[in-house]
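So the structure is just underneath, and the comments pick up after that.
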Amino acid sequence: MSSYFTDLAQQYIDGEWRPGTGSWDIIDFNPYDGEKLASITIATVDEVDEAYRAAARAQKEWAATNPYARRGVFEKALRIIEEREQEITEAIIAELGGTHLKAGFELHLAKEFLRESINLALRPEGKIIPSPVDGKENRLYLVPVGVVGVISPFNFPFLLSLKSVAPALALGNGVVLKPHQNTPVVGGALVAKVFEDAGLPAGLLNVVITDIAEIGDAFIEHPIPKVISFTGSDKVGRHVATVCASNFKRSVLELGGNSALVVLDDADIDYAVDAAVFSRYVHQGQVCMAANRVLVDRSIEAEFTEKFVAKVKTLKSGDPRDPQTVIGPVINSSQADALSSTVDQAIAEGATALVHGATTDNLVEPTVLTGLPADSAILQQEIFGPVALLVPFDGEEEAVRIVNDTPYGLSGAVHTADVERGVSFAKQIDTGMFHVNDGTVHDEPLVAFGGEKSSGIGRLNGEATVEAFTTQKWISVQHGRSFFPF
């Protein structure tokens, strides 16, 4: 067992590791075998306040630090992650039931985003803007917003914490991070430890491990943070957006999805099967970009379905510590129970289970449903588990209609022998991201990531990240004398 769960089971506030002062503990369990990993006394509203005030105090000096010096912290953080990759992999497997494949995927992306943060430290550039007034010089500066509050999810906790924390820091901000209660170490304390060991000045990054049952809206209502970056469900995201708006804060919301992978009549069927199985079942389907729905042209439905089902049946479920395991546990018993109920309801509404995986504790084996009525509730929701929905269609026009018939708009993919046909199809989908001849699960440091409709507000990555965590400041200089009419 990784020492992280004994050494890092604390709050990290103003450069100090310390227990919370709440009256109860968050118990961190291994979702596969139920082993208790850690017990963490929660942070109270007072500690949230201390964390934000520490970040605000440290931020001014950090923002004034030479960006080349700031950059060195991120270079060292990257080396630390590379040196500790084995221990971090073990922690991901233990705390969130991620397989070896999933842990490798998460760490690869985490390192890519850290590399981009090294560059981000030097990214902000000002502008000189012409003025209609003689002798006037308009300077437009990009400056840090100040302090950023980050709320990260349980599915890719290390990556999705770093994805906001690292660029916010690189751009000169202070940060307070609240990880998900199910992944407090990998999603919170471990991130703090990496940056502490990389030489980040004390107070700049703080981690509060707590629950809304204890702190309510204090994390997002607090007057210090100017931006809240939230990744999670659309239900919670809607509340975060409302509170932020009422407190004049900017919110960046990366929310859920109900993505579709579409297989047109001229697609490479074997390749489309591989893409669809990965896009649905990676990390037990607990991915916002996962292909909930697999749409197949009716002319190739029989062949595709036969090959899809055959491949799904080869996926090994079980202990995520086994390198051969593809399907590990879902995060907790509530999620496992909800998935079972959702599948049972779909079958009661008329769906046929081509594969009906068993549920044992938190281990939910793959399921494949077909023959879903058009008004089936499962077609409209984010499933967040290893359940695939096969949906036939007649022609592209119907496919476009079905893909768009959802409150979400995050990701998607289309498979076709004609790339431009695929691009034309993609342009008709109401979504933030769409991929031609690939899977639905992608994230790259330089490309704007985000969704439409109930899948979120705002974008991250590349220039979008700079926009998210900086603000514009206009300073004008009048050379010579200005004229005033009175």
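Restricting the first residue to the stretch 353-367 and requiring it to be outside the structural domain of Lys313 (by TED's automatic domain parsing), which pairs with a second residue that is small (Gly, Ala, Ser) meet a Cβ separation below 9 Å and a spacing of at least six or different chains?
Within 9 Å, no pair qualifies.
Name the residue, out of Ala91, Ala63, that is within 20 Å of the chain's Cα centre (by Cα) and not polar (S, T, N, Q).
On the way: Ala63 fails: within 20 Å of the chain's Cα centre (by Cα).
Matching residue, one of Ala91, Ala63: Ala91.
State the number of residues belonging to the stretch 411-444 that are surrounded by fewer than 21 Cβ atoms within 10 Å (Cβ to Cβ) and either assigned to a helix (DSSP H, G or I) or modelled with pLDDT under 95 (or both).
7
Looking at (1) buried (at least 23 other Cβ atoms within 10 Å of the Cβ); (2) under 28 Å from Ile228 (Cβ atoms); (3) in contact with a Gly (Cβ under 8 Å, 6 or more places away or on another chain), which is the one condition that is false for Thr44?
Only one criterion in (1) buried (at least 23 other Cβ atoms within 10 Å of the Cβ); (2) under 28 Å from Ile228 (Cβ atoms); (3) in contact with a Gly (Cβ under 8 Å, 6 or more places away or on another chain) is unmet by Thr44, namely (1).
Output the number of residues of the stretch 445-486 satisfying the condition of being over 20 Å from Gly285 (Cα atoms) and either small (Gly, Ala, Ser) or in a loop (DSSP other than H, G, I, E, B) (or both). Before you say what the answer is, go through the steps one by one.
The first filter runs over the stretch 445-486 and keeps only residues over 20 Å from Gly285 (Cα atoms), leaving 445-448, 452-453, 457-486.
Those left that are additionally either small (Gly, Ala, Ser) or in a loop (DSSP other than H, G, I, E, B) (or both): 445-448, 458-459, 461-462, 464, 468, 476, 479-486.
Counting residues in the stretch 445-486 that are over 20 Å from Gly285 (Cα atoms) and either small (Gly, Ala, Ser) or in a loop (DSSP other than H, G, I, E, B) (or both) gives 19.
Go through the stretch 270-310 residue by residue and tally those that are surrounded by fewer than 16 Cβ atoms within 10 Å (Cβ to Cβ) and touching a residue at least 12 places away in the same chain (Cβ under 8 Å).
Narrowing the stretch 270-310 to residues surrounded by fewer than 16 Cβ atoms within 10 Å (Cβ to Cβ): 270-271, 274, 298-299, 302-303, 306, 310.
With touching a residue at least 12 places away in the same chain (Cβ under 8 Å) added as a condition, the list becomes 270-271, 274, 298-299, 303.
Count: 6.
Looking at Ile128 and the list (1) in a loop (DSSP other than H, G, I, E, B); (2) modelled with pLDDT of 95 or more; (3) surrounded by fewer than 17 Cβ atoms within 10 Å (Cβ to Cβ), which single condition is not satisfied?
Against the list (1) in a loop (DSSP other than H, G, I, E, B); (2) modelled with pLDDT of 95 or more; (3) surrounded by fewer than 17 Cβ atoms within 10 Å (Cβ to Cβ), Ile128 comes up short only on (1).
Output the number of residues of the stretch 392-410 satisfying the condition of being in a helix (DSSP H, G or I), more than 13 Å from Ala291 (Cα to Cα) and of a type in the set (A, V, I, L, M, F, W, C).
Restricting attention to the stretch 392-410, the residues satisfying the condition of being in a helix (DSSP H, G or I) are 395-404.
Restricting the remaining residues to those that are more than 13 Å from Ala291 (Cα to Cα) gives 395-402, 404.
Restricting the remaining residues to those that are of a type in the set (A, V, I, L, M, F, W, C) gives 399-400, 402.
Residues that pass the stated criteria total 3.
Taking only the stretch 445-463 into account, find how many residues are among the charged types (D, E, K, R), in contact with a strand residue (DSSP E or B) (Cβ under 8 Å, 6 or more places away or on another chain) and either modelled with pLDDT under 95 or surrounded by fewer than 18 Cβ atoms within 10 Å (Cβ to Cβ) (or both). Show your work before the answer.
Taking the stretch 445-463 as the starting set, the residues that turn out to be among the charged types (D, E, K, R) are 452-453, 459, 463.
Applying the additional criterion that residues be in contact with a strand residue (DSSP E or B) (Cβ under 8 Å, 6 or more places away or on another chain) yields 452-453, 459.
With the extra rule that they be either modelled with pLDDT under 95 or surrounded by fewer than 18 Cβ atoms within 10 Å (Cβ to Cβ) (or both), the set shrinks to 452.
Of the residues in the stretch 445-463, 1 are among the charged types (D, E, K, R), in contact with a strand residue (DSSP E or B) (Cβ under 8 Å, 6 or more places away or on another chain) and either modelled with pLDDT under 95 or surrounded by fewer than 18 Cβ atoms within 10 Å (Cβ to Cβ) (or both).
Looking at the stretch 249-259, is at least one residue closer than 22 Å to Ile92 by Cα and out of contact with any Gly (no Cβ under 7 Å at 6 or more places or on another chain)?
So far as the stretch 249-259 goes, yes, one or more of its residues are closer than 22 Å to Ile92 by Cα and out of contact with any Gly (no Cβ under 7 Å at 6 or more places or on another chain).
The values are calculated or read from the model by the stated rules, or taken from the named source; none is laboratory data. The model shown is predicted, which means the values in this text are computed figures rather than measured ones. Neighbour counts run over all protein chains shown; Cβ positions are idealised from the backbone, glycine included.
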